[in-house]
1. Taking the range 212-242 as the region of interest, how many residues are away from the ligand (no atom under 13 Å from the Cβ), touching a residue at least 40 places away in the same chain (Cβ under 8 Å) and more than 19 Å from Asp264 (Cα to Cα)?
2. Mind checking whether some residue in the range 175-191 is part of a helix (DSSP H, G or I), closer than 14 Å to Glu114 by Cα, within 16 Å of the ligand (Cβ to nearest atom) and open to solvent by 30 Å² or more (accessible area, probe 1.4 Å)?
3. In the list Ile43, Ile4, which residue meets the criterion of being surrounded by 12 or more Cβ atoms within 10 Å (Cβ to Cβ), at pLDDT below 95 and touching a Ser or Thr at 6+ places or on another chain (Cβ under 8 Å)?
4. Any idea which residue in the range 60-70 is nearest to the ligand (Cβ to nearest atom), counting only those that are open to solvent by 60 Å² or more (accessible area, probe 1.4 Å) and over 17 Å from the mean Cα position of the chain (by Cα)?
5. Yes or no: the range 71-84 includes at least one residue that is touching a residue at least 40 places away in the same chain (Cβ under 8 Å), near the ligand (Cβ under 10 Å from one of its atoms), in contact with a helix residue (DSSP H, G or I) (Cβ under 8 Å, 6 or more places away or on another chain) and among the basic types (Lys, Arg).
6. With the requirement that a residue be within 14 Å of Leu88 (Cβ to Cβ) and touching a residue at least 60 places away in the same chain (Cβ under 8 Å), what does the range 117-132 give you?
7. Could you please tell me which pairs satisfy a Cβ distance under 9 Å, a separation of 6+ or placement on different chains, a first residue in the range 133-159 that is more than 16 Å from Cys214 (Cα to Cα), and a second residue that is open to solvent by 70 Å² or more (accessible area, probe 1.4 Å) and assigned to a strand (DSSP E or B)?
Amino acid sequence: MALIDLTGPDIELLLTTLYRQYGYDFRQYSEAHVRRRIMNRFILSGLNSMTDMQARVQNDNKFAALLLQDLSITVTEMFRDPEFYRSLREKVIPILKTYSFIKVWHAGCSTGEEAYSMAILLKEAGLYDRTTIYATDFNQQALDHAREGIFSNELIKDYTINYQRSGGPESFSSYYTSQYNMVIIDQSLKKNIVWANHNLVTDSVFAEVHLILCRNVLIYFNKDLQNRVQTLFLDSLINGGMLCLGTKESLRFGEFEDRYLEIDRKQKVFKKKY
Ligand SMILES: C[S@@+](CC[C@H](N)C(=O)[O-])C[C@H]1O[C@@H](n2cnc3c(N)ncnc32)[C@H](O)[C@@H]1O
């Protein structure tokens, strides 16, 4: 295994090439994350130097595609952090009930588990028929997987436990059909979900929404990029609209804190002030 000293300029050069040649801009991602992922690909590929890696990114589309996948961490679950979903049931759904139609945006939806969880929650509250869920990500591979709504049996065991812990009142198996070692998400949950490619670094507001979930995405961004994305969210939310962040993410001490009220401090649920 080759040992290298991955310098700041090495990283900058690679990221600039990824941006100029392939259009994906990771230059404002957290340096620790980018460094870890580049190093991981370097080791897996058995390369000898950063000059070799730079040449591969420049001349080999398939290698660049691998590195792009490496930089996008797609780990997710249905009803991830069940206490958060309990909070949605108890504190957010009652507010959503006051609207005659509802628009929800999942920013960084990965392979779709979060959006399907929301569809279940809204269905159980009798709100799904008047909702549109926009589920976006910049990772087309993850989006294609999400649209299919096919997950392995192994994963479903954990998702069932999460669902029960979140206070789910139904039998979780009523939301999918099993085939061999896979499960297929029920068509009725898919009908109001719009899957779309949207890049939080470069794309802009596309709808006015009542609720945004952007969980476990901002942790990969540096402060400037987090601010850009927070502006995007503020401009996308109606007054009184709600924003949900991941457990390790926060509005605290940032310039956006004053624009929101806390609905659930622990579960990171906020409401845009009027
Ligand atoms: C760790 S997953 C989180 C998935 C889900 N929100 C959850 O909490 O389970 C992070 C997702 O953010 C997406 N992402 C990262 N950078 C992005 C960007 N610039 N624009 C859109 N999505 C991005 C990744 O592709 C990945 O699917």
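1. Of the residues in that region, 2 qualify.
2. No; the residues of the range 175-191 include none that is part of a helix (DSSP H, G or I), closer than 14 Å to Glu114 by Cα, within 16 Å of the ligand (Cβ to nearest atom) and open to solvent by 30 Å² or more (accessible area, probe 1.4 Å).
3. None of the others qualify; the one that does is Ile4.
4. By that ranking, first place goes to Leu66.
5. yes
6. Met118, Ala119, Ile120, Lys123, Tyr128, Thr131
7. Correct list of pairs: Gln140/Asn197; Ile150/Gln179; Asn153/Ser178; Ile156/Ser178.
Table: residues versus (1) within 30 Å of Ile156 (Cα to Cα); (2) part of a helix (DSSP H, G or I); (3) among the small types (Gly, Ala, Ser).
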position: Arg35; (1), (2), (3): no, yes, no
position: Thr74; (1), (2), (3): yes, no, no
position: Phe79; (1), (2), (3): yes, no, no
position: Phe84; (1), (2), (3): yes, yes, no
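The values are calculated or read from the model by the stated rules, or taken from the named source; none is laboratory data. Because the structure is predicted, anything quoted here is derived from the model rather than measured. Here the Cβ is made from the backbone with ideal geometry for all residues, glycine too, and neighbour counts use every protein chain on show. The accessibility values were calculated without ligands, DNA or RNA, using every heavy atom of the protein model including side chains. Shrake-Rupley method; radii C 1.70, N 1.55, O 1.52, S 1.80 Å.
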